[in-house]
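See structure below.
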Amino acid sequence: MKRGLTIKQKERFDFIKEYIAKNGYAPTLKEIAEEFKTTNSAVYYILDALVKKEWIKREKYAERDIVII
């Protein structure tokens, strides 16, 4: 069951969802970091939380690996 998101998690999730709808593929960590003027490690932390809360899933070793659940 999906759990609620923090404000930052919701902002990143919405960005990812809109990016996929517009481009047909997921953004990279770098693209997300640039959009929110943060570091790749901060983005990784947020994505990890989204995976644990079952909002997205990720494939290892793929650059555009984010899939909305």
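The values are calculated or read from the model by the stated rules, or taken from the named source; none is laboratory data. Only a predicted model underlies this, so the values are computations on that prediction, with no experimental measurement involved. Glycine gets a Cβ as well: all are built from the backbone with ideal geometry, and neighbour counts include every protein chain shown.
Could you grab me the full set of residues in the range 15-48 that are of a type in the set (Lys, Arg) and out of contact with any strand residue (DSSP E or B) (no Cβ under 9 Å at 6 or more places or on another chain)? If the condition is that a residue be of a type in the set (Lys, Arg) and out of contact with any strand residue (DSSP E or B) (no Cβ under 9 Å at 6 or more places or on another chain), then 22, 30, 37 are the ones that fit.
Listed by position, the helices (runs of 4 or more DSSP H) enclosed by the chain that each have at least 3 residues that are in contact (Cβ under 8 Å) with a residue 24 or more places away in the chain and surrounded by fewer than 16 Cβ atoms within 10 Å (Cβ to Cβ) are 7-23. The set of residues in the range 1-15 that are hydrophobic (A, V, I, L, M, F, W, C) and more than 14 Å from residue 48 (Cα to Cα) comprises 1, 7, 15. Can we say residue 62 is out of contact with any Cys (no Cβ under 8 Å at 6 or more places or on another chain) and modelled with pLDDT of 95 or more? No; evaluated as a whole, the condition is false for this residue.
Considering only the range 20-27, I want to know if a residue exists there that is modelled with pLDDT of 90 or more and among the charged types (D, E, K, R). Give the steps one after another, and end with the answer.
Initial filter on the range 20-27 (modelled with pLDDT of 90 or more): 20-27.
With the extra rule that they be among the charged types (D, E, K, R), the set shrinks to 22.
Yes, the range 20-27 contains a residue that is modelled with pLDDT of 90 or more and among the charged types (D, E, K, R).
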